[in-house]
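The values are calculated or read from the model by the stated rules, or taken from the named source; none is laboratory data. Being a predicted model, the structure only gives us computed values, none of them experimental. Cβ placement follows ideal geometry from the backbone for every residue including glycine, while neighbour counts extend to all protein chains displayed. When the accessible area is computed, the model is the full protein with side chains, heavy atoms only, and any ligands, DNA or RNA have been set aside. Shrake-Rupley method; radii C 1.70, N 1.55, O 1.52, S 1.80 Å.
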Amino acid sequence: MTLSSPRPATPPTTESATDAPTERERPTVAIAGATGFVGTALRHALADSYRFIGLTRSPTRAERADDPTVAEWRRCDLFSLRDVTRALDCVDYAIYLVHSMLPSARLTQGDFADFDLLLADNFARAAERCGVRQIVYLGGLIPDGDDQTRLGSSKYRLSKHLASRLEVEETLGCCGVPLTALRAGLVVGPGGSSLRILLRLVRRLPVMALPRWTRTETQPIALADIVRAVELCLGDPSTYGRHFDLGGPDVMTYRSMMQRTAELMDVRRPMLDVPFVSPGLSKAWVILFSGSSRALVGPLVDSLRHEMVAQPNPLLERLLPDAVSFDAALATSLEGRVGLPNPRSSLRKSDDRRIRRERRVRSVQRLPLPPGRDAAWARRRYARWLPRFVFPFLRATVGPAHGVDDARTRFYLRILPWPLLELTLAPDESTPDRQILYITGGLLARTTDDERPGRLEFRVVDGGNSLIAAIHDFSPTLPWFLYSSTQALVHLFVMKSFGRHLARRAAPR
């Protein structure tokens, strides 16, 4: 396979072939993750060739038009299929750089892999609906021979972090839009979170006790080469439906990476091999000395036991002759630079204040799904199972709405005549594999926000093997301290119990 030159969505109509295309002639590219350090670098490097649409959940950012690299910021909650579909309207290509989300609700329940799966599924469905020509995804290197690995199913088990990256890749490619998956390890450039952890460890540790994983080989890549790879793939049909490993010219162990980093920082750091250090202890000292969160460090350290070396491929062959070395990329990052300005940084405090003020809840749980069942079955099953599970405290009524016989479900405390919660099916937004129920009333729910109404959804994922049960944008009426210590915990307990109920039904008899 050979890689052809990127093809614009509309042929240039300028008189000179060397003239930069006008804004109307430039292909429109939406970036999910546009404010991260890779997305920011892409926008600044390729703004003359593409018309970028930045997807943001910040209402303040969406209202601004002060970034010359972005034609338009579109407010988009990636947890909402409706939002993502609206955001990808009239888009030629889409770049997906979402690996983890900052909190989008005051209380968040769930596992990062389940969040990422749901986000990717929304993006793939929306891209298909909008006629997007190609999705380019930047994921993680997968150890050789583990391409078919799923979460927890391999003899040589992938870390949860890498398995999730692979699951996101598979999900983005499952809805019919051609996917080009770029797989990379450590991206070296100013502003990167993984590089920041490395620099802080080397700077702050006078003596480095190195556990076994520091002898694992890795192949870092410069941020500039990631940008080149994306540019080569955008609009090139020869890359559709393919994945490409990416790496720089240097293959090294993490130990040698730390040694070279110390040399470039002009510090002396004695290094001692300590083979008995456990993964848990490794995470603890990385968190302590890097100042990074457990949510970021934990999955990364778990992945370091895998060799992260790129396998040969046509795109890598095209990149390597001019690829930036690790030392050069690191030197650029150390030259007093903190990276290109991140448009999220100036808004983070105001966004955090808004999240606390809105008091919204998000809960995403992955449950087993019995063979041959779909989301519509799960919705009806849940409405029948829950009153029996909490008997004699709750009762439920099921009635018609929107022309559907069982579209409205009300849950009551047996001693009260008023419903605690009222859930109403949205038939226009629901399909057999995805059921949406809006929270339309009840003593326990605020229902005054028409723009972001609370909702419960059941969605089939993982090729029909699993069910996502998720609550989005729920706003409780209970005082927050009381809700978080009572109703929130009860909901989590109920969903886990419902999962065990489904597992018993899925078990062979």
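Some observations on this one:
- Compared with the direct C-alpha span, the chain from ASP428 to ARG318 gains 34.9 nm at full extension, assuming 0.36 nm per residue.
- Local electrostatic count at VAL398 - Lys and Arg +1, Asp and Glu -1, tallied over other residues with Cβ under 13 Å: +4
- Here the stretch 146-265 carries DSSP beta bridges of which approximately 20% are antiparallel, counting only pairs with both residues inside.
- Linear extension gain, ARG157 paired with SER325, 0.36 nm per residue minus alpha-carbon span: 57.4 nm
- Efficiency of FRET between LEU272 and ARG356 - r from beta-carbon atoms, R0 45 angstrom, step 0.05: 0.55
- Loop-located GluC sites (Glu not before Pro) in the stretch 405-509 (DSSP state not H, G, I, E or B) with no more than 12 neighbouring Cβ atoms inside 10 Å: GLU451.
- In terms of its alpha-carbon gyration tensor, the stretch 384-509 comes out rounded; the largest-to-smallest axis ratio a/c stays below the 1.5 threshold.
- Annotation: ARG86 carries an accessible surface of approximately 140 Å², with a 1.4 Å probe and no ligand, DNA or RNA atoms counted.
- Rounded accessible area of THR409 (nearest 10 Å², 1.4 Å probe): 10 Å²
- Accessible area (Å², per residue) of the stretch 426-486, counting only protein heavy atoms and a probe of 1.4 Å: 42 Å²
- Shape of the stretch 443-491, Cα gyration tensor, a/c cut at 1.5: oblate
- Shape category assigned to the stretch 463-509 from the gyration tensor of Cα positions, a/c cut at 1.5: oblate
- Most to least accessible of HIS472, HIS161, HIS402 (protein chains only, probe 1.4 Å): HIS402, HIS161, HIS472
- Heavy-atom accessible area with a 1.4 Å probe sorts TYR50, TYR240, largest first, into TYR240, TYR50.
- With DNA, RNA and ligands ignored, accessible area of PHE391 (1.4 Å probe; Å², nearest 10): 130 Å²
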